[in-house]
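Enquirer: Below you'll find the structure I mean.
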Ligand SMILES: Nc1ncnc2c1ncn2[C@@H]1O[C@H](COP(=O)(O)OP(=O)(O)OP(=O)(O)O)[C@@H](O)[C@H]1O
Ligand SMILES: [Mg+2]
């Protein structure tokens, strides 16, 4: 017998209602905004055309003018160094605190305190931490290192602690039952079991810190390729030079990615 | 000579009902004891109270005629080194090699630094190799544990317990995740350890027929209380039904062999 009632796949409820209202409002707002922009007499298609030629200058004809290739590489390494140093400092601090923030390794009250503090540290953006440290250290590389280390540590404590919490409870129990103490369990079971996860998080944070280091070069005067980019774009208005820097950054990002992938593969085999 | 005496042991998790309620029994050196009972009866809880993995609520556990109720941290470690434990899910460190996992059984005897760095003496390494040989694992010594089969992992677990030179082995459902032939190898190994090395064994089991075949003594637990404490010979279907709180005919029981011999 054929049923005539319509079968509803997505019944209406509060969640779908809110979702649809949001999507429709966004469409309406976007349409309205485009019709009311103050274009100051600039023709839209002329703008698109200029954007195209700018990108062409940026990407198709990179060329150094105000600094040499060697200086550029040197400055790239300053930026890499800033990213690397803050990641290593952050990781070292995080490793210790993460052990005290993992629920399977530390008393509950302690994990709550540490997790609460790191949540606060993470909630404040890296740039803001750099500026906060700039109050005492002055704007520059010291403030950048301190601020970025601080935020990295906050981020990695959470990531490491969660990796520790994910390891099999039974493994810890087995070593405890054989008389092993806390330090022995940490080094013989917890760290070997979570090594790959720790490494993945650290690489991820290094990628984040590398791009933050570029921004800090410009914004906090921390030097490196970020400062060169700032000068090329804001001072010399040289898009060709900007293009060269962009490619240098891109090249390093690719090397980093490939290296990380390969290292992780060799660890988990 | 009594090795272990459990005296009016009770355990309560938080404010739940008692998981163990006045357990009392004595185990002599060299005994092979099986503990049976339905899921949630308190079998795992009982084993974990014996080596203080969880604190007891009241009562006491005497090991070698010594009370273990209030052990200071240092003595607690020594207490645990004398008791090996084997688990249903093996609980090995999967990323480490077989021999490294076996040597973990020595950590309880080591200083913090030596344990942290993984420094083991030549004698310890030699003993590890010998134990692995006796369990038929010498070909797998340097394999990572996640490359082993379940039966092999359980034998590594047994090796890790044996290298503690324990007086007592606690086994929490050691064959529950294994196929029948691997399970037989494990049970035969435990029997052999019991007879050849004279190590006392307490094993939690879900299979009544396995308990009847291997154990000298069977303790049945239900809702945290001892329901029966008998030799396999004296265990009748009626008693088993009491342990599991079931009606006759509701259980899959295989008495053929034991009672044919009786
Ligand atoms: N960590 C815990 N916290 C709270 N209650 C627990 C905990 N562990 C066990 N229990 C409770 O204690 C009782 C006994 O559990 P136990 O694990 O000892 O049973 P078991 O006989 O080993 O069962 P199974 O055969 O399923 O392994 C159960 O009611 C269980 O819910
Ligand atoms: Mg259990």
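The values are calculated or read from the model by the stated rules, or taken from the named source; none is laboratory data. In this text the structure is predicted, and so the values were computed from the model without any measurement. In this analysis, Cβ positions are derived from the backbone assuming ideal geometry, glycine residues included, and neighbour counts consider all displayed protein chains.
Enquirer: Of everything in segment B:15-60 that's part of a loop (DSSP other than H, G, I, E, B) and within 14 Å of chain A (Cβ to nearest Cβ), which residue is farthest from residue B:213 (Cα to Cα)?
Expert: B:55
Enquirer: Next question, about the same structure. Of the residues B:36, B:50, only one is within 16 Å of ligand 2 (Cβ to nearest atom) and touching a helix residue (DSSP H, G or I) at 6+ places or on another chain (Cβ under 9 Å); which?
Expert: Selected residue: B:36, the only one of B:36, B:50 that is within 16 Å of ligand 2 (Cβ to nearest atom) and touching a helix residue (DSSP H, G or I) at 6+ places or on another chain (Cβ under 9 Å).
Enquirer: Which condition does residue B:55 not pass, out of (1) over 17 Å from the mean Cα position of the chain (by Cα); (2) within 11 Å of ligand 1 (Cβ to nearest atom), if it passes all the others?
Expert: (2)
Enquirer: I've got another one for you. Scan segment B:214-224 for residues that are closer than 24 Å to residue B:19 by Cβ and away from ligand 2 (no atom under 16 Å from the Cβ) and jot them down.
Expert: Residues satisfying the conditions are B:215, B:217, B:218.
Enquirer: Working only within segment B:118-136, note down all residues that are in contact with a helix residue (DSSP H, G or I) (Cβ under 6 Å, 6 or more places away or on another chain) and more than 16 Å from residue B:191 (Cβ to Cβ).
Expert: If the condition is that a residue be in contact with a helix residue (DSSP H, G or I) (Cβ under 6 Å, 6 or more places away or on another chain) and more than 16 Å from residue B:191 (Cβ to Cβ), then B:120, B:124, B:128, B:131, B:132 are the ones that fit.
Enquirer: What about residue B:201, is it touching a strand residue (DSSP E or B) at 6+ places or on another chain (Cβ under 9 Å), modelled with pLDDT of 95 or more and within 16 Å of ligand 1 (Cβ to nearest atom)?
Expert: no
Condition check ((1) under 25 Å from residue A:75 (Cα atoms); (2) at pLDDT below 95; (3) touching a strand residue (DSSP E or B) at 6+ places or on another chain (Cβ under 9 Å)) across all residues:
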position: A:87; (1), (2), (3): yes, no, no
position: A:98; (1), (2), (3): no, no, no
position: A:110; (1), (2), (3): no, no, no
position: A:124; (1), (2), (3): no, yes, no
position: A:134; (1), (2), (3): yes, yes, no
position: A:144; (1), (2), (3): yes, yes, no
position: A:150; (1), (2), (3): yes, yes, no
position: A:157; (1), (2), (3): no, no, no
position: A:162; (1), (2), (3): no, no, no
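Enquirer: Go through segment B:173-213 and give me each residue that's surrounded by fewer than 22 Cβ atoms within 10 Å (Cβ to Cβ) and within 15 Å of ligand 2 (Cβ to nearest atom).
Expert: B:173, B:176, B:177, B:206, B:207
Enquirer: Kindly establish whether residue A:214 is within 23 Å of residue A:62 (Cα to Cα) and buried (at least 21 other Cβ atoms within 10 Å of the Cβ).
Expert: Taking the combined requirement at face value, the residue satisfies it.
Every residue, every condition in (1) buried (at least 18 other Cβ atoms within 10 Å of the Cβ); (2) free of Cβ contacts under 8 Å to residues at least 24 places away in the same chain, yes or no:
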residue: A:100; (1), (2): no, yes
residue: A:108; (1), (2): no, yes
residue: A:124; (1), (2): no, no
residue: A:135; (1), (2): no, yes
residue: A:143; (1), (2): yes, no
residue: A:163; (1), (2): yes, no
residue: A:168; (1), (2): no, no
residue: A:172; (1), (2): yes, no
residue: A:176; (1), (2): yes, yes
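Enquirer: Restricting to segment B:214-226, give me the number of residues that are over 10 Å from residue B:32 (Cβ atoms) and either surrounded by fewer than 19 Cβ atoms within 10 Å (Cβ to Cβ) or away from ligand 1 (no atom under 16 Å from the Cβ) (or both).
Expert: Adding up the residues that qualify gives 3.
Enquirer: Also, I was wondering about something else. Looking only at segment B:81-101, count how many residues are over 13 Å from the mean Cα position of the chain (by Cα) and farther than 19 Å from residue B:131 by Cβ.
Expert: Here the count works out to 2.
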